[in-house]
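Heads up, the thing below is written out as structure tokens.
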Amino acid sequence: MATNLCPAPRCRSRSSAPGNLLCRSCRAGLAADLAGLPGRYDDCAHALSAHRSWSNDRVRGGRPAGIRLNEAAVTARARIVSVLSSWCGLVAAERRIAGPDRLEVPLLAGFLSRHLGWLAGHPAAGDLVAEITELRGAADGVREPDPTIRISLGPCPRPGCAAAVRGTMHPGRDERPTRVCCAAGHVVPPSQWLLLAHRAKPTTGP
């Protein structure tokens, strides 16, 4: 008797559970991700609030910086609602039942969780796992962003090279860049960092 293969991406067991297309591990992971999405959605909202507070600080010289949205948080939240509502629509249409009456993440995720057994046997079960995993990763990226900061320092000082120079910094470790090089691979020594920084500053006036 042939064994069905679990369609979920990156599945380690590859063997479907009886009566399902997903294996037990992937089904359990999907259930956990659905249960955790409302909290992750709220965490993205906290990231938005924190970023807005930081962006409203006044910059040097008394000029207000203005509001800058955390685009990753906005995108993650919109994507969570879009993907969950789409799958809820599929369940409601194919099972001929009423879906959630509001686009609220707890309602959407809860609806899918209640129909997880049916979804685990659906031909698109692998796509569902892939999309919910992507939502989790995007939300976690907002909650725990890469601390590395890359700053632009103008064109490369090496004769004949006009490639852009960038410095890499790791907040909390040091105030200075840990590496400065251009896109062509030319490493700029520390003795030239201040000169590059000065050249990169925008000028004002005529």
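The values are calculated or read from the model by the stated rules, or taken from the named source; none is laboratory data. Only a predicted model underlies this, so the values are computations on that prediction, with no experimental measurement involved. Backbone-built Cβ (ideal geometry, glycine too); neighbour counts: all protein chains shown.
For region 44-53, the criterion of being under 29 Å from residue 11 (Cβ atoms) and either in contact with a helix residue (DSSP H, G or I) (Cβ under 7 Å, 6 or more places away or on another chain) or modelled with pLDDT under 85 (or both) is met by at least one residue. Where helices (runs of 4 or more DSSP H) sit wholly within region 100-206, those with at least 3 residues that are under 23 Å from the mean Cα position of the chain (by Cα) and at pLDDT 70 or above occupy 105-114, 125-143.
For (1) crowded, with 17+ Cβ neighbours inside 10 Å; (2) small (Gly, Ala, Ser); (3) under 28 Å from residue 73 (Cβ atoms), each residue gets a yes or a no:
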{"site": "112", "(1), (2), (3)": "yes, no, yes"}
{"site": "120", "(1), (2), (3)": "yes, yes, no"}
{"site": "129", "(1), (2), (3)": "yes, no, yes"}
{"site": "132", "(1), (2), (3)": "yes, no, yes"}
{"site": "135", "(1), (2), (3)": "yes, no, yes"}
{"site": "138", "(1), (2), (3)": "yes, yes, yes"}
{"site": "142", "(1), (2), (3)": "yes, no, yes"}
